[in-house]
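K.L.:
Here you go, one structure.
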Amino acid sequence: MNLWLTLAVNSISLGGLLFLLSAGFSLIFGLMRIPNLLHGSFFMLGAYLGVSALNWHINFWVAALLSALAMTLIGGLIERFLLRRLAGQELAQVLLTLGLSFIVADVCLMIWTGDPWQPATPEHLRGAVQVGTLFFPIYRLVILAVAIVIAIGLWLMIDWTRLGAMIRAGVDDAPIARVVGIKVSQLFTLIFSLGAALAAFAGVMGAPYLSVYPGLDFEMLPLALIVVILGGTGSLLGALVGSFLIGFLYNFGQAMFPDLAYVILFLPMLLVLVLRPQGLFGRAMP
Amino acid sequence: MSFLTPQRAAIAAALLLLVTLPIWVGNPYYINVASQILFFAVFALGLNVIVGYGGLVSLGHAGLAAIAGYTAALMLAAGHGHFISDFAAILVTLAASAVFAVLSLRGTGIGFLMITLAIGQIIWGILYRWSSLTNGDNGVNVSGRPAPFGISLASADSFYYATLLVFLAAVATMAVFFRSPFGASLRGTRDQARRMTALGYNVWLIRFLAILISGFWSGVAGLLFIYYNQFISPQVATLTASAEVLLMVISGGTATLLGPIAGAAIVVIMKNVVSAYIVRWNLVLGVIFVLIITFMPEGLVPGSVRLWRTAWRKLSRRDGVIPAKTEPTP
Amino acid sequence: MSALTVTGLCKAFGGLQVTSNVNLNVEPGERRLIIGPNGAGKTTLFNLITGEITPDSGSVHLFGHDITKTPSRRRPHLGMARTYQIITLFSLDTILRNVTLALLGLSPLRWNPLIDLDQQHDLVEHAHAALVRVGLDHIAARPLAQTSYGERRRVEIAMALAQNPKVLLLDEPFAGLSIDERRDVQKCLLAIPRDVTIVMIEHNMDVALEFAEHITLLHFGEVIVEGNRAEVVDNPRTREVYLGH
């Protein structure tokens with residue numbers, strides 16, 4: 001009984017991390033019509049930056065925010081100076097993000113070496129809360145709480161602000177949005193930076209629990225990909241549901257069928273592709 | 001029409017160079033590099049069927065090559081003969097390609113690319129995690145190369161010639177394929193899929209068959225790969241591996257016969273040269289990728305032809321010869 | 001037996017009813033003109049007939065056979081060909097290759113990966129013959145990218161004719177053409193033999209009127225007037241639709 005509960009708690013916190021990662025991925029896909037193959041790299045680079053900041057004895061939350069800030073800048077520069085050059089050529093843009101992801105991976109290997117880094121869980125977030133006879137590790141719950149707060153924030157932004165309305169218009173139909181005077185290319189930069197920042201923030205949040213190591217980028221990228229194929233592109237609700245679904249599948253699959261855990265992860269994606277290609281909450285895929 | 005056209009002369013010269021290569025190269029290390037170029041060229045030619053002629057960009061093809069390699073390696077390790085293992089490997093790869101096609105053809109364009117990427121990762125995941133079957137990260141050793149008709153392929157020379165034969169077979173079938181009605185149909189589905197349907201073509205089936213053809217040659221390349229290295233590990237099925245082949249196709253120039261071959265040569269040589277001096281191959285790969293996509297999206301072969309033509313025109317103008325601007329219409 | 005029969009065809013996109021209960025009966029050899037203002041549902045009707053869009057209800061019969069459920073790609077094989085209003089040709093290829101592709105679509109050869117397409121003299125000759133019919137054979141080897149708009153319209157028609165259809169659907173073949181180009185297109189259309197049934201959509205009434213014997217007027221997805229040329233022109237509802245009250 002306790003094993004299952006532990007698994008469930010782990011699933012929920014992994015789901016929270018995945019949501020932070022895939023919300024940006026989903027918005028970028030929805031708006032720019034490209035899967036950003038750099039997204040796993042943002043997660044990993046962000047985690048490494050956070051780890052370095054923690055080594056300087058910077059407060060955990062400050063480190064996470066600094067890393068996210070640095071990534072906002074990097075993401076913005078990539079969009080503004082590289083992707084923008086290839087505007088309208090989706091395929092070239094995707095391949096560009098792929099090429100950049102190799103560069104990021106190698107640069108990280110150069111700077112942070114091949115050894116895994118696992119920062120200690122920040123002191124004030126250690127321990128567990130007791131509910132009845134059950135213990136819940138605080139840090140896992142904190143990840144979940146942060147994911148919920150950010151989900152609500154994103155939802156408020158998308159559904160209730162002028163900026164959100166512009167983003168929604170861009171996701172629905174970028175050419176028309178342009179015609180009615182929305183500066184879609186500025187939205188691209190903004191969303192790309194935001195996605196990078198969220199991924200980096202998730203990377204730092206995840207570091208004490210997943211640790212950071214070479215190859216983490218291409219482990220996280222497919223997860224974001226599955227979440228978005230499952231949930232449907234450009235749909236925050238889809239990203240949320242997909243993230244938790246994958247969080248559960250990953251942890252329970254690992255425990256029950258360790259050999260095939262990775263395959264089990266992809267099964268729902270294949271089912272969705274065959275039965276409902278637009279994703280659970282999405283409209284038609286491009 | 002004369003017997004010795006420039007094109008035929010070039011083909012003859014290239015053939016002669018390839019056949020005599022072990023003689024004038026001498027050093028087994030470089031002969032091995034040449035073998036690598038050839039089997040990667042087979043792989044790239046296979047991928048080019050769908051990327052160049054079908055307009056379907058796959059980031060999961062290393063998975064298909066790995067399936068062939070692993071099937072053969074595991075069967076060999078279980079004590080089966082070379083012929084039966086290789087035959088089974090190709091059959092399994094074709095079956096896998098069929099599944100690959102059915103799933104990936106649920107999307108087109110970017111959707112197709114995403115699905116192939118996901119499938120490639122699944123294959124990698126199986127090879128890496130299912131260690132009771134695949135021996136996980138430790139990989140599988142292949143105990144020896146086959147000896148078709150009693151000729152041992154153990155030496156660098158003999159393996160080179162065997163690879164050359166397969167390579168020439170691939171080039172010949174591709175050359176025929178691209179001029180064939182089916183090749184034209186495939187190109188049609190790339191340019192105007194909807195129109196092709198209206199003209200009576202079964203677009204889905206054409207793409208499906210193209211993926212099978214492409215999967216077949218990927219499988220053949222996978223077999224050559226394991227016999228060359230006498231070892232296979234999940235490394236073969238990584239996204240990096242898929243991206244490398246795609247880079248070969250794109251860098252050389254898609255939808256040409258020569259492009260993927262040139263691309264394979266460039267990437268393999270770069271990889272060997274670069275890794276001799278620095279360990280940063282991925283960095284170099286990424287940088288080349290970015291540079292080519294940004295500055296020479298049509299690929300090096302068509303790009304160089306374009307530059308060459310411009311240079312030639314300028315040169316001839318300087319000599320006072322005015323070149324014909326357009327080809328005369330017959 | 002009718003060449004083409006459309007019965008009770010309905011299609012809605014979301015809440016918008018694009019065609020409602022359209023009935024058509026086209027006799028073999030007939031020249032039928034379908035007119036109507038923009039948004040009348042003319043092209044949608046074509047797409048329903050060729051199967052590019054599935055109808056919500058109703059049926060399509062080709063020479064008495066129910067083809068409502070036949071996939072779009074099978075219909076050319078049953079003798080139905082069409083042209084497009086927005087030109088969708090293979091711009092990287094020559095004119096000849098475009099027409100050859102149309103021919104190849106109906107030939108079992110299209111699956112063959114081992115022969116040289118250019119050496120299939122039967123196909124190539126037929127393609128040339130189709131180009132002769134639209135007066136473009138002298139530029140058969142020209143890349144499509146170097147042709148004029150009017151020439152492309154005629155390539156479209158050549159591709160449809162090459163398939164030797166029994167029923168030919170022409171979607172605004174005169175759209176965007178100059179007077180000279182119109183005359184060229186008109187000439188190719190008039191030369192089509194009587195064993196081919198033609199259904200033509202035209203937005204502009206004057207252009208196509210002399211070509212048609214029987215006219216159907218479509219408005220907001222409904223057939224509102226049908227009859228011979230004089231009947232339709234004289235009908236007050238036609239004037240209402242075209243002249244606005």
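The values are calculated or read from the model by the stated rules, or taken from the named source; none is laboratory data. Since the structure is predicted, the reported quantities are computational estimates derived from the model, not experimental observations. Cβ: placed from backbone, ideal geometry, glycine included. Neighbour counts: every protein chain shown.
K.L.:
Step by step: first the residues of the stretch A:87-106, then only those that are more than 7 Å from chain B (Cβ to nearest Cβ) and not hydroxyl-bearing (Ser, Thr, Tyr), then the one that is nearest to residue A:36 (Cα to Cα). Which residue is that?
P.N.:
Selected residue: A:93.
K.L.:
OK, next. Here is a check on your reading of the model: is residue C:195 assigned by TED's automatic domain parsing to the domain that holds residue C:173 and farther than 24 Å from residue C:177 by Cα?
P.N.:
Answer is yes for this residue.
K.L.:
Of the residues C:123, C:101, C:136, only one is of a type in the set (A, V, I, L, M) and within 7 Å of another protein chain (Cβ to nearest Cβ); which?
P.N.:
Of the residues listed, the single one that is of a type in the set (A, V, I, L, M) and within 7 Å of another protein chain (Cβ to nearest Cβ) is C:101.
K.L.:
Whether any residue in the stretch A:190-204 is surrounded by fewer than 21 Cβ atoms within 10 Å (Cβ to Cβ) and part of a helix (DSSP H, G or I) is what I want to check.
P.N.:
Taking every residue of the stretch A:190-204 in turn, at least one turns out to be surrounded by fewer than 21 Cβ atoms within 10 Å (Cβ to Cβ) and part of a helix (DSSP H, G or I).
K.L.:
Name the one entry in A:185, A:193 that is within 19 Å of the chain's Cα centre (by Cα) and not aliphatic (A, V, I, L, M).
P.N.:
A:193
K.L.:
If you don't mind, another one. Please specify each residue of the stretch C:119-142 satisfying the condition of being free of Cβ contacts under 8 Å to residues at least 40 places away in the same chain, surrounded by 14 or more Cβ atoms within 10 Å (Cβ to Cβ) and of a type in the set (D, E, K, R). Spell out how you get there, then give the answer.
P.N.:
Within the stretch C:119-142, the subset free of Cβ contacts under 8 Å to residues at least 40 places away in the same chain is C:119-132, C:137-138.
Still in the list and also surrounded by 14 or more Cβ atoms within 10 Å (Cβ to Cβ): C:120, C:123-124, C:126-131, C:137.
If the condition is that a residue be free of Cβ contacts under 8 Å to residues at least 40 places away in the same chain, surrounded by 14 or more Cβ atoms within 10 Å (Cβ to Cβ) and of a type in the set (D, E, K, R), then C:137 is the only one that fits.
K.L.:
Let me ask something else. Report yes if residue C:106 is at pLDDT 90 or above, assigned by TED's automatic domain parsing to the domain that holds residue C:66 and not aromatic (Phe, Trp, Tyr), otherwise no.
P.N.:
no
K.L.:
Do we have residue A:49 as crowded, with 24+ Cβ neighbours inside 10 Å and either modelled with pLDDT of 90 or more or over 18 Å from the mean Cα position of the chain (by Cα) (or both) here?
P.N.:
When the stated conditions are applied, residue A:49 passes them.
K.L.:
Another question, then. Can you name the residue in the stretch B:218-252 that is within 14 Å of chain A (Cβ to nearest Cβ) and touching a Pro at 6+ places or on another chain (Cβ under 7 Å) and is also surrounded by the fewest Cβ atoms within 10 Å (Cβ to Cβ) among such residues?
P.N.:
Residue satisfying both the conditions and the ranking: B:248.
K.L.:
Collect the residues in the stretch C:165-181 that are more than 25 Å from residue C:91 (Cβ to Cβ) and surrounded by fewer than 21 Cβ atoms within 10 Å (Cβ to Cβ), keeping them in residue-number order.
P.N.:
C:166, C:179 - these are the residues of the stretch C:165-181 that are more than 25 Å from residue C:91 (Cβ to Cβ) and surrounded by fewer than 21 Cβ atoms within 10 Å (Cβ to Cβ).
K.L.:
So which residues in the stretch A:109-161 are touching a Ser or Thr at 6+ places or on another chain (Cβ under 6 Å) and not aromatic (Phe, Trp, Tyr), if there are any at all? Walk me through how you get there before you give the answer.
P.N.:
First, pick out the residues of the stretch A:109-161 that are touching a Ser or Thr at 6+ places or on another chain (Cβ under 6 Å): A:116, A:118, A:139-140, A:143-144.
Within the stretch A:109-161, A:116, A:118, A:140, A:143, A:144 meet the criteria.
K.L.:
Does the stretch B:198-212 hold any residues that are farther than 19 Å from residue C:163 by Cβ and either at the interface with another protein chain (Cβ under 8 Å from one of its Cβ atoms) or surrounded by fewer than 22 Cβ atoms within 10 Å (Cβ to Cβ) (or both), and which are they?
P.N.:
Across the stretch B:198-212, the qualifying residues are B:204, B:205, B:208, B:209, B:212.
K.L.:
Assess whether residue C:73 counts as being out of contact with any Leu (no Cβ under 8 Å at 6 or more places or on another chain) and at pLDDT 90 or above.
P.N.:
For residue C:73, the condition - out of contact with any Leu (no Cβ under 8 Å at 6 or more places or on another chain) and at pLDDT 90 or above - is met.
K.L.:
Can you tell me which residue in the stretch A:74-116 is nearest to residue A:218 (Cα to Cα), limited to those that are touching a residue at least 12 places away in the same chain (Cβ under 8 Å) and among the polar types (S, T, N, Q)? Give the derivation first.
P.N.:
As a first pass, look at the stretch A:74-116 and keep what is touching a residue at least 12 places away in the same chain (Cβ under 8 Å): A:74-76, A:78-80, A:82-84, A:87, A:90, A:93-94, A:96-98, A:100-101, A:104-105, A:108-109, A:111-112, A:114-116.
Still in the list and also among the polar types (S, T, N, Q): A:93, A:97, A:101.
Details: A:93: 18, A:97: 13, A:101: 9 Å.
My answer is A:101.
K.L.:
Given the criterion over 23 Å from residue B:171 (Cα atoms) and either more than 14 Å from chain A (Cβ to nearest Cβ) or in contact with a Lys or Arg (Cβ under 8 Å, 6 or more places away or on another chain) (or both), identify the matching residue among B:255, B:276.
P.N.:
Going through B:255, B:276 in turn, just one is over 23 Å from residue B:171 (Cα atoms) and either more than 14 Å from chain A (Cβ to nearest Cβ) or in contact with a Lys or Arg (Cβ under 8 Å, 6 or more places away or on another chain) (or both): B:276.
K.L.:
Among the small types (Gly, Ala, Ser), out of contact with any strand residue (DSSP E or B) (no Cβ under 7 Å at 6 or more places or on another chain) and surrounded by 20 or more Cβ atoms within 10 Å (Cβ to Cβ): does that describe residue C:145?
P.N.:
no
K.L.:
Turning to a different aspect of this structure: Every residue in the stretch C:98-109 that is assigned to a helix (DSSP H, G or I) and crowded, with 23+ Cβ neighbours inside 10 Å, please.
P.N.:
C:98, C:99, C:100, C:101, C:102, C:103, C:104
K.L.:
Filter the stretch C:76-92 down to residues that are modelled with pLDDT of 90 or more and more than 7 Å from chain B (Cβ to nearest Cβ) and give me whichever is farthest from residue C:148 (Cα to Cα). First the steps, then the outcome.
P.N.:
So in the stretch C:76-92, the residues modelled with pLDDT of 90 or more come out as C:76-83.
Then keep just the ones that are more than 7 Å from chain B (Cβ to nearest Cβ); that gives C:78-81, C:83.
Values: C:78: 32, C:79: 29, C:80: 27, C:81: 23, C:83: 17 Å.
Among those residues, the one meeting the criterion is C:78.
K.L.:
Evaluate the stretch C:62-84: report whether one residue or more is among the polar types (S, T, N, Q) and touching a Cys at 6+ places or on another chain (Cβ under 9 Å). It would help to see each step written out before you state the result.
P.N.:
Narrowing the stretch C:62-84 to residues among the polar types (S, T, N, Q): C:68, C:70, C:72, C:83.
From what's left, touching a Cys at 6+ places or on another chain (Cβ under 9 Å): none.
Within the stretch C:62-84, not a single residue is among the polar types (S, T, N, Q) and touching a Cys at 6+ places or on another chain (Cβ under 9 Å).
K.L.:
Here is a further query. Condition first: of a type outside the set (Phe, Trp, Tyr) and either within 17 Å of the chain's Cα centre (by Cα) or within 7 Å of another protein chain (Cβ to nearest Cβ) (or both). Now tell me which residues in the stretch B:180-193 satisfy that. If you could, list the steps in order and put the result at the bottom.
P.N.:
Just the residues of the stretch B:180-193 that are of a type outside the set (Phe, Trp, Tyr), to begin with: B:180-181, B:183-193.
If the condition is that a residue be of a type outside the set (Phe, Trp, Tyr) and either within 17 Å of the chain's Cα centre (by Cα) or within 7 Å of another protein chain (Cβ to nearest Cβ) (or both), then B:180, B:181, B:183, B:184, B:185, B:188, B:191, B:192 are the ones that fit.
K.L.:
Could you check the stretch B:72-96 and list, in sequence order, the residues that are of a type in the set (Ser, Thr, Tyr) and buried (at least 24 other Cβ atoms within 10 Å of the Cβ)? Walk me through it before giving the result.
P.N.:
To start, the set of residues in the stretch B:72-96 that are of a type in the set (Ser, Thr, Tyr) comprises B:85, B:93.
If the condition is that a residue be of a type in the set (Ser, Thr, Tyr) and buried (at least 24 other Cβ atoms within 10 Å of the Cβ), then B:93 is the only one that fits.
K.L.:
Then there's this: Any residue that is within 13 Å of chain A (Cβ to nearest Cβ), within 15 Å of the chain's Cα centre (by Cα) and under 27 Å from residue B:268 (Cβ atoms) - is there at least one of those in the stretch B:63-82? Quick ask: steps written out before the conclusion?
P.N.:
First pass over the stretch B:63-82, keeping only residues within 13 Å of chain A (Cβ to nearest Cβ): B:63.
From what is left, the residues that are within 15 Å of the chain's Cα centre (by Cα) are B:63.
From what's left, under 27 Å from residue B:268 (Cβ atoms): B:63.
Yes, the stretch B:63-82 has at least one match.
K.L.:
I'd like to check something: does the stretch A:223-237 contain any residue that is touching a helix residue (DSSP H, G or I) at 6+ places or on another chain (Cβ under 8 Å), within 18 Å of residue A:54 (Cα to Cα) and not basic (Lys, Arg)?
P.N.:
No - not one qualifying residue is present in the stretch A:223-237.
K.L.:
Would you check if residue B:195 is charged (D, E, K, R) and surrounded by 20 or more Cβ atoms within 10 Å (Cβ to Cβ)?
P.N.:
On the way: charged (D, E, K, R): yes; surrounded by 20 or more Cβ atoms within 10 Å (Cβ to Cβ): yes.
In short, yes.
K.L.:
So in the stretch C:182-229, with the set limited to residues that are outside any strand (DSSP E or B) and at positive phi, which one is surrounded by the most Cβ atoms within 10 Å (Cβ to Cβ)?
P.N.:
Going through the qualifying residues, I end up with C:221.
K.L.:
Given the options B:254, B:294, B:326, name the one that is at pLDDT 80 or above, among the hydroxyl-bearing types (Ser, Thr, Tyr) and on the phi < 0 side of the Ramachandran plot.
P.N.:
Within the list B:254, B:294, B:326, the selection yields B:294.
K.L.:
Still on this structure, I have one more. For the stretch B:248-275, how many residues meet the condition of being under 14 Å from residue B:301 (Cβ atoms), of a type in the set (A, V, I, L, M, F, W, C) and part of a helix (DSSP H, G or I)?
P.N.:
10
K.L.:
Do any helices (runs of 4 or more DSSP H) lying entirely in the stretch B:110-195 carry at least 2 residues that are among the hydrophobic types (A, V, I, L, M, F, W, C), and which ones are they? Can you show your working first?
P.N.:
Working: elements: B:110-129, B:131-134, B:156-179, B:181-191.
Passing ranges, in order: B:110-129, B:156-179, B:181-191.
K.L.:
Scan (1) over 30 Å from residue B:192 (Cβ atoms); (2) in a helix (DSSP H, G or I) for the single condition residue B:79 breaks and write down its number.
P.N.:
Of everything listed in (1) over 30 Å from residue B:192 (Cβ atoms); (2) in a helix (DSSP H, G or I), residue B:79 misses just condition (2).
So that you can scan it fast, the table gives a plain yes or no per residue for (1) away from chain A (no Cβ under 14 Å); (2) touching a residue at least 12 places away in the same chain (Cβ under 8 Å):
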site	(1), (2)
B:93	yes, yes
B:97	yes, yes
B:103	no, yes
B:110	no, no
B:114	no, no
B:138	yes, yes
B:161	yes, yes
B:172	yes, no
B:178	yes, yes
